[in-house]
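Let me begin by presenting the structure, written as structure tokens, before commenting on it.
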Amino acid sequence: NLLEAGVGLAAINSVIEAKGVEGNGLDAALERSKGKKVVMVGKFPDIGRFKKVAREFIVLELNPFLIDPANNILPSTAAESVIEDADVVIITASTIINKSIDRVLELSRSAYTVLVGPSTPMLDGMFDFGIDMLAGTKVNRPQSFIKKISQGCERISPDKLEGDVTFVKLCRECSGQFH
């Protein structure tokens, strides 16, 4: 049950003290993507930025209404044929909820992997599963955040949420410290 899995992951994340430094993980992934083959598992906003810098950029998407082969947005079933030779794989944390993360990480063994999104568990123990960078969200003001979300705030963004949340990132190679 995806709803129960989502609530379960949110419950787990609610008791985790988000480690890492302030910063947008997608920006950090963009820097790593220059001249590389990049596969994004789950379509994130602003993919045009990646298309401009990556040698090759492919999105794998579960939602059939977002699939657009002409723009390299392929069904998630294409993972077997496009991930294994990728240099960078950016993975939505929703793959934990839909239980596809194990296979995606297995296919991504030779790539630099970034787990991104508000569902990302910000625990350095996640590096044991082959993830190189965690990019998640730290809630600074829970009551204000809950109020805005309950009023229909659609996309989690520090700017939109006026400081209620902060984007945080933690990487394996630098023990959470970005130089």
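The values are calculated or read from the model by the stated rules, or taken from the named source; none is laboratory data. Only a predicted model underlies this, so the values are computations on that prediction, with no experimental measurement involved. Positions of Cβ are backbone-derived with ideal geometry, glycine not excepted, and every protein chain shown enters the neighbour counts. We work out accessible area using only protein heavy atoms, side chains counted, and drop any ligands, DNA or RNA first. Shrake-Rupley method; radii C 1.70, N 1.55, O 1.52, S 1.80 Å.
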- [ ] State yes or no: is ILE149 modelled with pLDDT under 85, β-branched (Val, Ile, Thr), within 15 Å of GLY42 (Cβ to Cβ) and open to solvent by 30 Å² or more (accessible area, probe 1.4 Å)?
- [x] no
TODO: Output the residues belonging to region 44-54 that are modelled with pLDDT of 95 or more and either buried (at least 18 other Cβ atoms within 10 Å of the Cβ) or assigned to a loop (DSSP other than H, G, I, E, B) (or both).
DONE: PHE50, ALA54
Open item on the list: For ASP85, only one of the following conditions fails: (1) touching a residue at least 24 places away in the same chain (Cβ under 8 Å); (2) in a helix (DSSP H, G or I). What is its number?
Closed with: (2)
Open item on the list: Quick check on region 1-31: of everything there that is part of a loop (DSSP other than H, G, I, E, B) and of a type outside the set (A, V, I, L, M), which residue is surrounded by the most Cβ atoms within 10 Å (Cβ to Cβ)?
Closed with: GLY20
Task: Residue under evaluation PHE57, criteria (1) surrounded by fewer than 16 Cβ atoms within 10 Å (Cβ to Cβ); (2) not in a loop (DSSP other than H, G, I, E, B), criterion not met - done: (1)
Open item on the list: It is to be established whether one or more residues within region 62-75 are within 25 Å of LEU9 (Cβ to Cβ), in contact (Cβ under 8 Å) with a residue 60 or more places away in the chain and not in a helix (DSSP H, G or I).
Closed with: no
- [ ] Being of a type in the set (Phe, Trp, Tyr) and within 23 Å of LYS138 (Cα to Cα) narrows it down to one of PHE44, PHE50, PHE57, so name that one.
- [x] PHE44
Open item on the list: For the list (1) modelled with pLDDT of 95 or more; (2) over 15 Å from the mean Cα position of the chain (by Cα), I need the number of the one condition that ILE12 fails.
Closed with: (1)
Open item on the list: Of the conditions (1) within 22 Å of GLY25 (Cα to Cα); (2) modelled with pLDDT of 95 or more, ILE67 satisfies every one except a single condition; which number is it?
Closed with: (1)
Open item on the list: Return the residues of region 87-103 that are buried (at least 22 other Cβ atoms within 10 Å of the Cβ) and more than 20 Å from ASN1 (Cα to Cα); say none if nothing qualifies.
Closed with: VAL88, VAL89, ILE90, ILE91
